[in-house]
Amino acid sequence: MDLHYSPEDEKFRLEVREWMEQNVPNEVRDSASSRTTVARKFRVKFYQGLREKGWMCPKWPVEYGGPGFSLPQQVIMMEEMGRVGAPNMDLGVIMAAPMIMAYGTPEQKQRYLPPMLEAEEMWCQGYSEPNAGSDLAALATNATIDGDDFVLNGQKIWTSNGHESDWMFLLVRTDSTAKKKQEGISFLLMDMKSPGISIHPIHQITDSSNFSEVFLNNVRVPRRNLLGNLNQGWEIAKRLLTHERVGVYSGDLIRRSLESILQYAKSERITAAGGCATSKVLIDDPSIRQRIAQASMQIDAVCALGYRNTTRMLRGEPPGPESSVIKVFASETYQRVCDLGIELQGPKAQVWADHGFSEFDFNMPKLMIYSRSFSISGGTSEIQRNILAEVVLGMPR
Ligand SMILES: Cc1cc2nc3c(=O)[nH]c(=O)nc-3n(C[C@H](O)[C@H](O)[C@H](O)COP(=O)(O)OP(=O)(O)OC[C@H]3O[C@@H](n4cnc5c(N)ncnc54)[C@H](O)[C@@H]3O)c2cc1C
């Protein structure tokens with residue numbers, strides 16, 4: 001693993017950093033720092049800026065309209081986006097597109113990829129169901145063939161940005177008689193405006209509603225919207241999940257939160273037993289300094305794990321078991337960082353509405369609560385540990 005970037009890459013980093021500083025709208029950064037929701041209009045504004053610059057879809061190859069970045073350049077883009085708290089790329093761009101490139105027909109590539117590149121169509125992921133989360137292959141949403149269409153009935157849940165999306169890539173059961181439940185699943189692309197779809201945003205503990213329940217009642221999806229072959233959905237889903245686990249967590253995004261904790265610790269006065277503020281600030285306490293330093297080292301480790309994966313890919317190897325290691329360690333590091341912020345806040349951590357409190361006091365409790373979801377989305381930590389135990393370490397089930 002070589003941790004050094006070439007001089008050209010460092011020059012590129014400076015250019016990206018300057019652009020991000022100037023072009024990531026504040027509304028987006030504010031939403032991103034509380035990690036609650038980034039409304040579509042703000043995301044689209046950011047994506048269109050990237051498009052104008054020629055940097056939209058940083059991981060796409062040139063043949064599909066991507067900028068053709070080298071792997072180190074892709075990493076730099078992700079690092080610099082995390083550093084300013086920019087929103088993630090749309091799920092269509094980072095998840096559906098690589099699958100469409102790998103399994104799609106020429107017509108499907110022509111239909112779906114250009115609107116992603118132009119930030120005209122947003123996508124959501126329809127995997128989870130009320131009785132199929134960790135055990136995804138238990139999904140029950142049924143698709144029967146009727147003429148030129150599939151007819152879908154069932155329910156999806158926890159659909160991020162479902163209420164703001166134009167398209168959903170989803171898994172459906174197309175053969176309920178298959179010997180193994182994984183064998184009867186297909187991967188479809190569904191227009192969210194199709195008749196029979198009803199979308200119910202879920203109100204979250206963070207006070208926002210950025211995911212939904214999606215009910216499907218005799219929804220007709222043209223057969224041409226099948227990705228890959230009939231009943232090949234599980235293979236595509238597994239391949240896509242590797243992208244999801246590698247792509248979601250950036251050490252720089254975690255560092256952004258730690259940085260705000262550090263600034264807080266430098267300015268917030270320590271309160272004495274009687275409730276009076278002393279002349280000392282939190283950072284004067286050696287145990288607090290140690291906790292911040294320890295968190296910083298853990299974030300370095302998150303970055304190093306990411307670099308190890310990048311090195312594998314530079315050698316032409318697919319993302320390895322590191323995907324699960326990164327997912328567990330990064331999400332839990334993020335939670336530890338947020339817990340530290342809450343501890344430093346003390347009683348102020350109970351603040352929920354903005355009654356003249358500082359931005360930090362206002363954001364941190366919501367961020368801490370939202371951070372609990374990081375070890376659930378994209379496969380829970382328990383499931384990642386199962387994968388590591390069984391697949392990587394070869395331990396018995
Ligand atoms: C912020 C967020 C965004 C999401 N976005 C989407 C989205 O856009 N699209 C989508 O389809 N889904 C989405 N999800 C859903 C997510 O994929 C599921 O929540 C996740 O897969 C877990 O499934 P579940 O909630 O049904 O929990 P369950 O599978 O019911 O698990 C409950 C608990 O049991 C544990 N458990 C289950 N099985 C095992 C086992 N074999 N061994 C050990 N422990 C086990 C789990 O770790 C967990 O602690 C999102 C979730 C979150 C939190």
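Report, in listed order, any pair from 41/238; 59/266; 41/366; 327/366 with a Cα-Cα distance greater than 29 Å. Among 41/238; 59/266; 41/366; 327/366, the Cα-Cα distance tops 29 Å for 41/238; 59/266. This model, with +1 at the C-beta of Lys and Arg and -1 at the C-beta of Asp and Glu, gives the chain a dipole about its Cα centre of some 540 debye. Coupling constants for the stretch 367-375 follow from the phi torsions by the Karplus curve (6.51 cos²θ - 1.76 cosθ + 1.60, θ = phi - 60°), and in residue order they are 4, 4, 5, 5, 5, 4, 6, 5, 8 Hz; glycine and proline get x. The loop-placed trypsin sites (Lys or Arg not before Pro) in the stretch 137-196, going by DSSP, that have at most 16 neighbouring Cβ atoms within 10 Å of their Cβ come out as 179, 180, 193. If each Cα of the stretch 325-369 is one equal point scatterer, what is log10 of I(q)/I(0) from the Debye formula at q = 0.17, 0.20, 0.33 Å⁻¹? Log-scaled intensity ratios, in q order: -0.48, -0.60, -1.15. With K and R counted +1 and D and E -1, the other residues having a Cβ less than 12 Å from that of residue 78 yield a net charge of 0. Entry for the stretch 18-164 at q = 0.18 Å⁻¹: log10 I(q)/I(0) = -1.16, Debye formula applied to identical alpha-carbon scatterers, no solvent contribution. By how many degrees, between 0 and 90 and to the nearest 10, does the Cα long axis of helix 286-314 differ from the longest principal axis of the chain? Between helix and principal axis, roughly 30 degrees.
If you wrap the tightest convex hull around every Cα atom of the chain and split its volume per residue, you get 164 Å³.
May I ask for the Kirkwood hydrodynamic radius of the stretch 86-217, worked out over all distinct Cα pairs and given in angstroms to one decimal?
15.5
Quick one: check the C-alpha center-to-center distance for the stretch 123-170 versus the stretch 349-394, whole angstrom. Centre-to-centre (Cα) distance: 25 Å.
Which ordering of 122, 168, 101, 297 is given by a fewest-first count of other beta-carbon atoms within 10 Å?
Least crowded to most crowded, the residues run 297, 101, 122, 168.
Fully extending the segment from residue 349 to residue 3 would add 120.8 nm, taking 0.36 nm per residue of separation and subtracting the current Cα-Cα distance. Per-residue Karplus couplings for the stretch 381-389, computed as 6.51 cos²θ - 1.76 cosθ + 1.60 with θ equal to phi - 60°, are listed in order as 4, 5, 5, 4, 5, 4, 4, 4, 5 Hz, Gly and Pro entered as x.
Protection proxy ranking of 323-330, 202-209, by the mean of other Cβ atoms within 10 Å over each peptide's residues and highest first, is 323-330, 202-209. Spacing of the modelled spin labels on residue 287 and residue 120, each 7 Å from Cα toward Cβ, amounts to 6.0 nm. Label sites at residue 193 and residue 207, each approximated as a point 7 angstrom past Cα along Cα to Cβ, lie 3.4 nm apart. Going by neighbour counts of Cβ atoms within 10 Å, the residues 380, 177, 141, 310 line up, fewest first, as 177, 380, 310, 141.
Residue 26 to residue 217: FRET efficiency via 1/(1 + (r/R0)^6), r the Cβ-Cβ distance, R0 35 Å, to the nearest 0.05?
About 0.30, to the nearest 0.05.
Which part of the stretch 324-343 falls in the paramagnetic zone of residue 271, meaning amide N under 15 Å from the point 7 Å along Cα-to-beta-carbon? The answer is 342-343, whose backbone nitrogens lie closer than 15 Å to the label point. Spin-label pair residue 14-residue 376: with each label point 7 Å from Cα along the Cα-Cβ axis, the two points sit 4.5 nm from one another.
Laboratory data are not the source of any read-out in this text; all were calculated from the coordinates shown. Model, not experiment: these values are computed from the prediction. Here Cβ is always computed from backbone atoms with ideal geometry, including for glycine, and neighbour counts include all displayed protein chains.
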